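Below is one structure, written out as structure tokens; comments come after it.
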């Protein structure tokens, strides 16, 4: 098979990482993978697995440039004998759809986001992600959201394939004691005191950083709260959080860290507890399965993909969204008070859940099965 994946850019993120993982699986099975994007740090990862990167200005929403991208993708499909196109984001998906249809090759989409619907024009723009010959949803929640907002979609074209995590790489035994190998992480943790409560997410209001601050302040738990994700110290939300930290008297207990994506296993290894209090439902929630694979207790809001990946009270804890602040504080106090035996049991169950239901190989195999089925049509 010759498969072309299309996305805006190859920066860090779940969509981008999934693209690399599928390219790797294709190459490992003797197929040929192409990735079209506007570039980014993960181009090196794509090329390191043997896939070919094709640079186009796919971040654009300009209709004229999108049309030119469609023609460029069509030329690539014909020149390289591409068998199938897989689009992972809306703007490039429109170009990919036009190219695939003009060349008569199957078109697959992954409905990664819980897209805001808004106006009729916005709903039409979003609809491209429901136009695949097969539409992959990363969770049952995402599938239901898709069907609710694109009711004319044939449900037989929608398949749920959860994202996966490499449990050989995200393995607590592999990363134990390796924090010192990453100077930036070691420097960050040297300023903090245990237990470490880690919220690994870019600084965005809906990710729940202010909620975590309030809950941390009111819970009475010991330790440090660490916000670890892409941010800019001068950004308004960062400044707002910094002022709130001062107002709450937490200046010596809350820390910001902006670490590369490849240090995440070490961060999870160092963490005592992981928070994912997103205020909007996420289609999946990669942080949750990565942290759980590292045998960490995760506390997350009870909606979106999190509600499927966590078995509350058994592999982690889910908190109701409508009482998020008080319930997050309560959950933090609960996990802080667990006995060593109960903590070990829960952490072991968290990792086993990921091994059983969210492995990288399962995600890769299910996606390649979609490609094979379409190739045989």
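The values are calculated or read from the model by the stated rules, or taken from the named source; none is laboratory data. Just so we're clear, the structure is a prediction, and the values are computed from it rather than from any experiment. All Cβ positions, glycine included, derive from the backbone under ideal geometry; neighbour counts span all protein chains shown.
Structure above, values below:
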item: Pick from the range 139-157, criterion surrounded by 21 or more Cβ atoms within 10 Å (Cβ to Cβ) and touching a strand residue (DSSP E or B) at 6+ places or on another chain (Cβ under 7 Å), ranking: farthest from residue 90 (Cα to Cα); result: 139
item: Residue in the range 140-160 that is assigned to a loop (DSSP other than H, G, I, E, B) and in contact (Cβ under 8 Å) with a residue 40 or more places away in the chain present; result: no
item: Residue count for the range 101-127, restricted to those that are under 19 Å from residue 161 (Cβ atoms), at pLDDT 90 or above and in contact with a helix residue (DSSP H, G or I) (Cβ under 6 Å, 6 or more places away or on another chain); result: 4
item: Among the candidates 174, 185, residue that is crowded, with 17+ Cβ neighbours inside 10 Å, in contact with a helix residue (DSSP H, G or I) (Cβ under 8 Å, 6 or more places away or on another chain) and part of a helix (DSSP H, G or I); result: 185
item: Only listed residue being under 28 Å from residue 289 (Cβ atoms), assigned by TED's automatic domain parsing to the domain that holds residue 270 and at pLDDT below 95, chosen from 241, 225; result: 241
item: In the range 98-117, the residues that are surrounded by fewer than 24 Cβ atoms within 10 Å (Cβ to Cβ) and more than 24 Å from the chain's Cα centre (by Cα); result: 98, 101, 102, 103, 104, 105, 106
item: Selection status of residue 132, at pLDDT 95 or above and part of a loop (DSSP other than H, G, I, E, B); result: yes
item: Counted residues, the range 232-276 - those being assigned to a loop (DSSP other than H, G, I, E, B) and either at negative phi or touching a strand residue (DSSP E or B) at 6+ places or on another chain (Cβ under 8 Å) (or both); result: 14
item: Exclusive hit being without any contact (Cβ under 8 Å) to a residue 60 or more places away in the chain, assigned to a strand (DSSP E or B) and either in the same structural domain as residue 283 (by TED's automatic domain parsing) or in contact with a helix residue (DSSP H, G or I) (Cβ under 7 Å, 6 or more places away or on another chain) (or both), set 318, 346; result: 318
item: Qualifying residue in the range 255-269 (condition: surrounded by 16 or more Cβ atoms within 10 Å (Cβ to Cβ) and more than 22 Å from the chain's Cα centre (by Cα)); result: yes
